């Protein structure tokens, strides 16, 4: 049973109106965040190592809750490391580091790994996400062995999507990972 939640934000971290931050503030006793050294000029290798250091500190069954570039950080981590404390992975609005318009100052996230993830995982994607098409998200779900949830037209599923504490996201976690959030 999942007893802890570790959020893995994307580029720029998650601001005060982002659902990840709201969830952390609602449940500070069971949530923590991976704190990257540089949120604005990500380097995959550094982000993966920081994630790994955070995971090493875990001592109970944990759900990784990643958003955007944080999803790619988790996927790269899973190709290099493992942990018996990871009970599952929620990948929300993964960014496509292979798209032509991907910022050049962000390095090391491409190519995107295609190996099956060693943990139960779910990808939640939007039909109008400017950072990855729904088709790409479905392709990743197939390759990674993830369940796939099409959430409809919610943009990048972030603070700009006006979803506040994102009750639907909590419902996905509760339903798929059999926990109570």
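Every number in this text was worked out from the coordinates using simple rules, so none of it is lab data. Small disclaimer: the values here were computed from a predicted structure and weren't measured. With ideal geometry, Cβ positions are generated from the backbone for all residues, glycine too; neighbour counts draw on all protein chains shown.
At-a-glance table
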item: Theoretical ellipticity at 222 nm over the chain - DSSP helices of four or more residues, -39500 (n - 2.57) apiece, nearest 500; result: -9000 deg cm²/dmol
item: Theoretical FRET efficiency, 1/(1+(r/R0)^6), r = Cβ-Cβ of residue 84 and residue 167, R0 45 Å, to 0.05; result: 0.90
item: Euclidean distance between Cα centres, region 52-76 to region 110-160, Å; result: 16 Å
item: Among (i) 12.1; (ii) 9.9; (iii) 9.0, the entry derived from the coordinates for mean projected area of the Cα convex hull in nm²; result: (iii)
item: Per-pair calculated FRET efficiency, R0 = 30 Å: residue 128 and residue 40 via Cβ, rounded to 0.05; result: 0.75
item: Potential extension, residue 143-residue 17 segment - 0.36 nm per residue separation minus Cα distance; result: 42.2 nm
item: Listed peptides 79-85, 99-105 by packing density, highest first (mean Cβ within 10 Å); result: 79-85, 99-105
